[in-house]
């Protein structure tokens, strides 16, 4: 499966494997690859599943499998080249292997399943203290432990400044590194994920707002005859998804409780739709009264932003027909679905499905409002 005839040129798949510094796999391993499925979702850990032909006397069954080549915690990197442009789709660790033995020749398979490198941050619980460090600096301190895996920090300062007050409170970590990083992300309306690449063995660890600004990917075209790149797109508007959170804060000096004002969510979620959707729910946040005011304001902003997306879309595309690999956690335009749902969207998740002669992508989209903000959508 090293070469797949997709589009104007073949899709070339390159696999690297190894304990920490992954190396190109033997040619027999690349040729034995039957299928690959890779899923990346905003705010979640990415995962993969690869299936190999387990020939009875082949290199995999004879040597590599018994010697631990596919054992858990083995690093695996998947790179796909489309039209001469390489793209690292996945960089992670094997967590499970399954062997399906069959009486029929050519039907025995080895399936390996794994997760991205953030799994390394979720293997050990720690107890640490971070005196006089705001959230972003705490995240930087934690990510420094994983630089030998080629993980580069891409950390943004929190939108609501939270100057540390060691005399009032010292922040403690009592969970895994990943658990604590995600806790800090949720409290600030941020997401945390690893983005593989740009070269094999490198990853970017993003702790910050979702990417809702910048250059859009090539548009998803539907109902446009020969120009259509997607067979079908399904959209939904869930009126109960958006909440208007409320938070109270208590002044430690006067003991008086104050209802915090509603913050604008545009710093975290720049609008993608022209017609904003109202919040039908109100919900009071628990525990904010005893927090520092800046921390309570950050949690209020985070909750308002996270529930903002009420419009969702889903579909699938053939990379051969679309001509490009749709990237998750970025922006893309939609054309041909009508005035209400055309325009820019955030790509919430993408599942890459590669088989012999086929490269499909299933995807989900989201945004906070209806109608396009601009009459122009990048083709």
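I'd like the full set of residues that are in a strand (DSSP E or B) and either within 20 Å of the chain's Cα centre (by Cα) or crowded, with 20+ Cβ neighbours inside 10 Å (or both), limited to the range 312-341.
Filtering the range 312-341 down to residues in a strand (DSSP E or B) leaves 312-318, 331-335.
Residues satisfying the conditions are 312, 313, 314, 315, 316, 317, 331, 332, 333, 334, 335.
Sort through 153, 134 and tell me the only one that's surrounded by 15 or more Cβ atoms within 10 Å (Cβ to Cβ) and under 27 Å from residue 348 (Cα atoms).
Exactly one of 153, 134 is surrounded by 15 or more Cβ atoms within 10 Å (Cβ to Cβ) and under 27 Å from residue 348 (Cα atoms), namely 153.
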Checklist line | Filtered residue count, the range 89-109, keeping only those that are farther than 16 Å from residue 77 by Cα and either touching a residue at least 60 places away in the same chain (Cβ under 8 Å) or crowded, with 22+ Cβ neighbours inside 10 Å (or both) | finding: 1
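Could you check the range 72-129 for strands (runs of 3 or more DSSP E) lying wholly inside it with 3 or more residues that are farther than 15 Å from residue 16 by Cα and at pLDDT 95 or above? I'd like the intermediate steps shown before the answer.
Values: elements: 75-82, 85-100, 109-116.
Here the list reads 85-100, 109-116.
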Notebook entry, point to check: What about residue 86, is it in contact (Cβ under 8 Å) with a residue 40 or more places away in the chain and in the same structural domain as residue 16 (by TED's automatic domain parsing)?
Noted result: yes
Margin query: Given the options 232, 217, 173, name the one that is within 27 Å of residue 78 (Cα to Cα), touching a strand residue (DSSP E or B) at 6+ places or on another chain (Cβ under 8 Å) and not assigned by TED's automatic domain parsing to the domain that holds residue 78.
Written below: 217
Note to self: For the condition without any contact (Cβ under 8 Å) to a residue 12 or more places away in the chain and either outside any strand (DSSP E or B) or not assigned by TED's automatic domain parsing to the domain that holds residue 103 (or both), what is the one hit in 45, 62?
What the structure shows: 62
Check: Could we say that residue 359 is over 18 Å from residue 238 (Cα atoms) and surrounded by 20 or more Cβ atoms within 10 Å (Cβ to Cβ) here?
Finding: yes
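Out of 223, 182, report the one residue that is out of contact with any strand residue (DSSP E or B) (no Cβ under 7 Å at 6 or more places or on another chain), more than 17 Å from residue 368 (Cα to Cα) and either assigned by TED's automatic domain parsing to the domain that holds residue 143 or part of a loop (DSSP other than H, G, I, E, B) (or both). Quick ask: steps written out before the conclusion?
Working: 182 fails: out of contact with any strand residue (DSSP E or B) (no Cβ under 7 Å at 6 or more places or on another chain).
Matching residue, one of 223, 182: 223.
Determine whether residue 234 is at pLDDT 90 or above and either under 18 Å from residue 345 (Cα atoms) or out of contact with any helix residue (DSSP H, G or I) (no Cβ under 8 Å at 6 or more places or on another chain) (or both). If you could, list the steps in order and put the result at the bottom.
Values: at pLDDT 90 or above: yes; either under 18 Å from residue 345 (Cα atoms) or out of contact with any helix residue (DSSP H, G or I) (no Cβ under 8 Å at 6 or more places or on another chain) (or both): yes.
Yes, satisfied.
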Margin query: Being modelled with pLDDT under 95 and under 21 Å from the mean Cα position of the chain (by Cα) is true for just one of 42, 30, 36, 2. Which residue is that?
Written below: 42
Next item on the list: For residues that are touching a strand residue (DSSP E or B) at 6+ places or on another chain (Cβ under 8 Å) and in contact (Cβ under 8 Å) with a residue 60 or more places away in the chain, scanning just the range 128-170, find the one that is nearest to residue 209 (Cα to Cα).
Entry: 136
Margin query: For the condition closer than 23 Å to residue 40 by Cα and touching a helix residue (DSSP H, G or I) at 6+ places or on another chain (Cβ under 6 Å), what is the one hit in 93, 143?
Written below: 93
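The values are calculated or read from the model by the stated rules, or taken from the named source; none is laboratory data. As the structure is a prediction and not an experimental result, all values here were calculated from the model. A quick note on method: Cβ atoms are made from the backbone with ideal geometry, for glycine too, and the neighbour counts reach across all protein chains shown.
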